[in-house]
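Single-structure report; data block below.
Every number here is computed from the coordinates shown, using simple stated rules; none is lab data. What you are looking at is a predicted structure, and each value in this text was computed from that prediction instead of being measured. Virtual Cβ from ideal backbone geometry, glycine too; neighbours counted across all protein chains shown.
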Amino acid sequence: MPLSAENRSVRRLGLTAAGLLAMLTLALTIVNTGRAKPSLAHTCTATDRQFIQEARDTMAEIGLWSDAGASDVVSEARAAARHMGNMGPTDPSLEQTRRLMIGMLTEYGKAVRIHARHGNAGPHMYRAYGLANYVHGVLQKAQPALVTRGCDLTDLL
């Protein structure tokens, strides 16, 4: 049985409304997911202190890598990034630092590999230094609150 013009209009209106409702639901889900913020309260757990020590040691080791060959430096940078990835600080600033350090070490390793192959390592080294500077800013901002809780970041700054 053919649909009358009025039935087609009602059907089109219903489909349009259903489509708009689906889009609205999707948009609200995206907005609410993006706005969900973790606790921003600083902590200084044993895990946080371990992370601070490991991050300090990793940064000190980077200075020692300068005497190694490029392939060794790339391997060490990858291993250090994996090691940082396995850490689990509970403090939000230290967690942000962890993620940034993984990126920094990854970019540093890429820069060394590209430089060894006589390529342009500049963009990767630029990103590595930029991430290191961002880490410094995050830690500097968090230091007063973390020190009052027993986590001293002086060796990382």
Report summary line: Residue-ordered couplings for region 136-152, obtained by feeding phi - 60° into the Karplus form 6.51 cos²θ - 1.76 cosθ + 1.60 and rounding to whole Hz (Gly and Pro as x), are 4, x, 4, 5, 4, 5, 7, 3, x, 5, 6, 4, 5, 9, x, 10, 9
Report task. Calculate the spin-label point distance for R82 paired with A41, positioning each point 7 Å from the Cα along the beta-carbon direction, and give it in nanometres. Result -> 3.7
Requested in this report: Using only the alpha carbons of region 55-157, determine the length spanned along each of the three principal axes and report them from longest to shortest in whole angstroms.
Outcome: 48, 21, 21
Query raised in the report: Can you work out the FRET efficiency for the pair D152 and A116, with r the C-beta to C-beta distance and R0 = 35 Å, to the nearest 0.05?
Result: 0.40
Requested in this report: Find the all-direction average of the projected area of the Cα convex hull for region 110-157, expressing the result in square nanometres with one decimal place.
Outcome: 3.8
Requested in this report: Mind giving me the nanometre distance, one decimal, between the label points for D67 and A145, set 7 Å out from Cα along Cα→Cβ?
Outcome: 4.1
